[in-house]
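Inspection log for the structure reproduced underneath, given as structure tokens.
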Amino acid sequence: MKTNMLGIYDDENVMLHAIDKLQDGGVAVADVYSPFPIHGIWSRLKQTTRLPYATFAYGAVGAVLVFSLLYWMSVVSYPLKFGGKPLNTLSFIIIMFVMTINIGTLFTFLTYLFREKMFPGKKVELPDPRSTEDKFVVVIADIGSLSEQETIRIKKLLQETGASEIKESTVTLHEH
Amino acid sequence: MDKKVHLSKTFKIIMIVMIVLGIISVIAEFMTQDSTRVWANLLLNNYYFLSVAIGALFWMALQAVTQSGWSAAYLRVPQSMSNYLIVSFILFALMFFGVHDLYHWTHADAVAHDPLLQHKEPYLNLPFFAIRFVVFFLLWILITKRINFLSLKEDKEGGTTFFNKIEFNSKVFIFVFAFSFSLFSIDWLMSLDPHWYSTIYVVKKFIMAFFHGVTVITAIVIILHKQGYFPMLTKKHISDFARYIFALSIIWGYMWLSQYLLIWYANIPEETVYYIPREMGEYKTLFYLELIMNWAFPFIFLMWNRVAKNENLVLFAVLVLIAGHWVELYMSIMPSLNLKHSITLIEVGTFIGFAGLFGLVVGTSLSKMPIIPKNHPYLSESLHDDH
């Protein structure tokens, strides 16, 4: 079981500055838990995502699949001319457009759930439940692997940057 | 913060040379070409730069109404364009000399033999046309000047009262603009072919003006940044501008398809008459080029996050779009008047002339006020928007 160090902050802005200072001091901030989404925290933690590429792929595959389906239905399997329009018609575009969005969104959502190991009825993993109320929790992962001096230094940094509370937690957290 | 744009002598000389080039092109065209073509060309450029200015002002109004923070530092760029509205008013007034060359419905004998034009006469007649033109321009100029005045006063006195007043005026402007610019587009562009109409036409022109405006604002901001102004311009800001362009290219493509698909599907001769010269004849290449330049290219190019955050690549996209918008207007005006397809040095020269005038007016206006509105309540959010 890994031990994580938690710095608990009372204020959003104090915590944001704390993250900058911790990172300047060479401390890797693993994650942040907060009661509400914070604008820009994500790039501050230097996290990246490949999710948009997945969305693009789903959209492209979806468009091709939907076109194949429409083509097969109205040209190959059941060619029915109406209104003097060609069988392979321009009005496919609307269905392709809507279905591309639909497939792209749905599969992106499912990919997100899969990658974050989330599912309905999952038990919540929270290092400190107060992060759903009014506390901002900064997680520094796996302090067991660090030297004692380093741990003391991190503690000091957390204190200096205005953490209202510092504690260790053994709750297993999902890694990004 | 009080920095103003310094206009170098070379800039002024270049702009004046461009204007002279434009005047030479127009004179040359008057001497060599049919007068309808000259007026059509002038209408194209006049409408082009009007829609840039008014679209940019619409963007500014939208920032106030949505209380956007990120854009607060860049509001002076669209504000400076309200001065061009006055210039545009004069230029459009001159267009009345060519009204008979352009608009079939202004000929009394043509109306007398045409039941359809008679039916439209209560709206499409010259006096009412002129009244609408004057009223619309006066409204646009008054409201945007009022917003400018309030914004400059905010610079001196500060506080949130001006912010709220600007927001109110922006709401008024958006309503006025949506209604009046739609009718303006019907008057000056759609009535070139008075027998044909499309209900989506004005929506497309409205979106086009917005698209135009944002594109040109982005161009000016990036160019000024390269000159050393707007030191706080970050990748985030660039990507916000790029997102606007990206989203508007999709809406524009959507409107294009909405108009085309319905006419294609219904296949009624009165409606398809619009697309026959555009899609079948000599305009065929431009018909597809218009769609590629204004929709396909920005859609695919700006989709990449890395492109959307790179100011040189965004500037490149913007330059393509500036040409693309010209093609769009060329395609709506020229085939409606049964003119032959020809893009020569004269067309290019006229555009350069108008661009020079626009640049001179906007540049001079920018040099007269601080380029960053220093007491805007959201300024700090805009200046430190670095994530």
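Some values worked out for this structure:
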quantity: Of the chymotrypsin sites (Phe, Trp or Tyr not before Pro) in region A:1-98, those whose Cβ has at most 13 other Cβ within 10 Å and which sit in DSSP loop; calculated: A:PHE82
quantity: Principal semi-axes in Å for region A:1-59 [√(5λ), Cα gyration tensor, largest first]; calculated: 26, 15, 12
quantity: Ellipsoid semi-axes in whole angstrom, largest first, where each is sqrt(5λ) of the Cα gyration tensor of chain A; calculated: 51, 15, 14
quantity: Angle between chain B longest axis and helix B:311-333 axis [Cα atoms, degrees, rounded to 10]; calculated: 20
quantity: Estimated 222 nm signal from helices in chain B, with DSSP H stretches of n ≥ 4 weighted -39500 (n - 2.57), rounded to 500; calculated: -23500 deg cm²/dmol
quantity: Reachable lysines, given that their alpha-carbon falls under 20 Å from the alpha-carbon of A:LYS156 and they are not under 8 places away in the same chain; calculated: A:LYS21, A:LYS135, A:LYS167
quantity: Among A:ILE152, B:ALA72, B:ILE263 the positive-end extreme of the charge dipole of the protein assembly as shown (Cβ point charges); calculated: A:ILE152
quantity: Over region A:51-115, equivalent-ellipsoid semi-axes from the Cα gyration tensor in Å; calculated: 30, 10, 8
quantity: Estimated D of region B:31-182 in µm² per second, where Rh is the Kirkwood radius over Cα pairs and Stokes-Einstein applies at 20 °C, 1.002 mPa s; calculated: 123
quantity: Degrees between helix A:12-24 axis and first principal axis of chain A (Cα, 0 to 90, nearest 10); calculated: 80
quantity: Within chain A: Cβ-based charge dipole about Cα centre, in debye rounded to nearest 20 (Lys, Arg +1; Asp, Glu -1); calculated: 1020
quantity: Label point distance in nm, A:SER164-B:ALA108, each placed 7 Å from Cα along Cα→Cβ; calculated: 8.4
quantity: In region B:278-387, the GluC sites (Glu not before Pro) that fall in loop regions by DSSP, at most 15 other Cβ within 10 Å; calculated: B:GLU282
quantity: Tail weight of P(r) past 20 Å, computed on alpha-carbon pairs of region B:196-302, percent; calculated: 51
quantity: Pairwise Cα inverse-distance average, inverted: Kirkwood Rh of region B:9-376 (Å); calculated: 21.4
quantity: Convex hull volume per residue in cubic angstrom - Cα atoms of the protein assembly as shown; calculated: 194
quantity: FRET efficiency estimate (nearest 0.05) - Cβ-Cβ, B:VAL17 to B:LEU345, R0 22 angstrom; calculated: 0.90
quantity: Inter-label distance, nm, simple model (7 Å from Cα along the C-beta direction), B:LEU116/B:MET303; calculated: 4.0
quantity: Mean separation of Cα contacts under 8 Å, 6 or more apart, over the residue count of region B:70-214: relative contact order %; calculated: 25
quantity: Viscosity 1.567 mPa s, temperature 4 °C, Stokes-Einstein D of region B:216-372 from Kirkwood C-alpha radius, µm²/s; calculated: 73
quantity: Nonlocal Lys pairs with alpha-carbon distance under 20 Å, region B:98-233 (8 or more apart, or different chains); calculated: 7
quantity: Ranked list, fewest to most other Cβ atoms within 10 Å of each Cβ, for B:ILE90, B:ILE16, B:ILE207; calculated: B:ILE90, B:ILE16, B:ILE207
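Values quoted throughout were computed directly from the atomic coordinates according to the rules given, and no laboratory measurement underlies them. Note that the coordinates shown come from a computational prediction; the quantities given were computed from them, not determined experimentally. Positions of Cβ are generated from backbone atoms using ideal geometry, with glycine treated the same way; all protein chains shown enter the neighbour counts.
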